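Taking it in order: structure first as structure tokens, then the write-up.
What follows draws every value from the coordinates through simple rules; no lab data is involved. Computed from a prediction, not measured in an experiment: that's the story for all the values here. Every residue, glycine as well, gets a Cβ built from its backbone with ideal geometry; the counts of neighbours run over all protein chains shown.
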Ligand SMILES: [Zn+2]
């Protein structure tokens, strides 16, 4: 399941429920045109997954962020 969060702390994968993209916080692209995690949190669009795995995000139809995970299907 995906749960709303207001913090990046304690999770590896963070989803944007607005764009349905998932980010790997261990590979976060912090450049201006990168993942923009702070923007996702500020817009209240951030979710985390239980279990905290890419497979779980995929099973909920989240797509890879092209910046940190690559292989986006879009
Ligand atoms: Zn990303």
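Brief remarks follow.
- Residues residue 42 and residue 12, FRET efficiency given R0 of 30 Å [Cβ-Cβ distance, rounded to 0.05]: 0.90
- Over all pairs of different C-alpha atoms in the chain, the reciprocal of the mean inverse distance, the Kirkwood hydrodynamic radius, equals 11.8 Å.
- The alpha carbon radius of gyration of region 1-43, expressed as a multiple of 2.2 N^0.38 Å, is 1.06.
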